1. Does the range 82-121 hold any residues that are assigned to a loop (DSSP other than H, G, I, E, B) and of a type in the set (D, E, K, R), and which are they?
2. Could you check, for the range 8-18, whether at least one of its residues is β-branched (Val, Ile, Thr), assigned to a loop (DSSP other than H, G, I, E, B), modelled with pLDDT of 80 or more and out of contact with any Leu (no Cβ under 6 Å at 6 or more places or on another chain)?
3. Any residue in the range 130-139 that is among the β-branched types (Val, Ile, Thr), in a loop (DSSP other than H, G, I, E, B) and in contact with a helix residue (DSSP H, G or I) (Cβ under 9 Å, 6 or more places away or on another chain)?
4. Within the range 55-74, count every residue that is closer than 25 Å to Lys22 by Cα and either part of a loop (DSSP other than H, G, I, E, B) or of a type in the set (A, V, I, L, M, F, W, C) (or both).
5. Within the set of pairs 6+ apart or on separate chains, which have a first residue in the range 6-24 that is in contact (Cβ under 8 Å) with a residue 60 or more places away in the chain, a second that is β-branched (Val, Ile, Thr) and in a loop (DSSP other than H, G, I, E, B), and C-beta atoms under 9 Å apart?
6. Within the range 72-102, can you find the residues that are in contact (Cβ under 8 Å) with a residue 60 or more places away in the chain and either among the acidic types (Asp, Glu) or in contact with a Ser or Thr (Cβ under 6 Å, 6 or more places away or on another chain) (or both)?
7. Is it true that some residue in the range 135-151 is touching a Pro at 6+ places or on another chain (Cβ under 9 Å), farther than 21 Å from Ala13 by Cβ and either surrounded by 14 or more Cβ atoms within 10 Å (Cβ to Cβ) or at pLDDT 95 or above (or both)?
8. Please state which one of Ser88, Ser84 is at pLDDT 90 or above, open to solvent by 60 Å² or more (accessible area, probe 1.4 Å), under 22 Å from Lys17 (Cβ atoms) and not β-branched (Val, Ile, Thr).
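The values are calculated or read from the model by the stated rules, or taken from the named source; none is laboratory data. It should be emphasised that the depicted structure is a prediction, and the values quoted were computed from it without experimental measurement. Cβ placement follows ideal geometry from the backbone for every residue including glycine, while neighbour counts extend to all protein chains displayed. Surface accessibility is based on the protein's heavy atoms, side chains included, excluding ligands, DNA and RNA. Shrake-Rupley method; radii C 1.70, N 1.55, O 1.52, S 1.80 Å.
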Amino acid sequence: LNGFRHVHIHRLALGSKSGRHKIFRHPEVNRGSASLAWGSPSSEYTEIEVMSLDAWASKNPGNTPAMVKIDVEGWELETLRGGSKFFSSSERPVVCIEFSNAHPLEGGTHRELFLKMIDHSYLAFVLQGTKATPSALRQINLEQLPAHDNIFFFPRSQHPREFDLTVAD
């Protein structure tokens, strides 16, 4: 609708393995809070194709993005588990992941998610200020995990100063 030529829509979810899965709608929260991780038997849902990030990357060679934002309402760890090759490659992207204790992660903990990114040779940073204004980044470790924030993971071989980041909600 906006005339972007560099945006491509893929009608699928990313997970640890390929198949089909229910994605639950949560209109009582907001229209962006649909989740593969949580829903009640009475929740509205749609069946969706799930593919691992590694499988998607192998079907789309040469399309490695410079940055990936993962905000999937508790499905973050499942998304990462399907991308071991993707997040270990020499062309791996900067990754921004929403961390929120407001809902549990499917199949693990926020601690495990953080350690998985560190195992892939990433360094973790959060904004010093708020999401609403441009802000410098501050490196964090496992003991400094936020209760609710975006964490920016940069490949160890790169430094955040190499990127022009203006982050606004």
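1. Glu91, Arg92, Glu106 - these are the residues of the range 82-121 that are assigned to a loop (DSSP other than H, G, I, E, B) and of a type in the set (D, E, K, R).
2. yes
3. no
4. The number of residues fulfilling the criteria is 10.
5. Here the result reads Ala13/Val72; Leu14/Val72, each pair linking the range 6-24 to a residue that is β-branched (Val, Ile, Thr) and in a loop (DSSP other than H, G, I, E, B).
6. Within the range 72-102, Glu78, Arg81, Gly82 qualify.
7. Within the range 135-151 (the criterion being touching a Pro at 6+ places or on another chain (Cβ under 9 Å), farther than 21 Å from Ala13 by Cβ and either surrounded by 14 or more Cβ atoms within 10 Å (Cβ to Cβ) or at pLDDT 95 or above (or both)), the answer is yes, since at least one residue qualifies.
8. After applying the criteria, what remains is Ser88.
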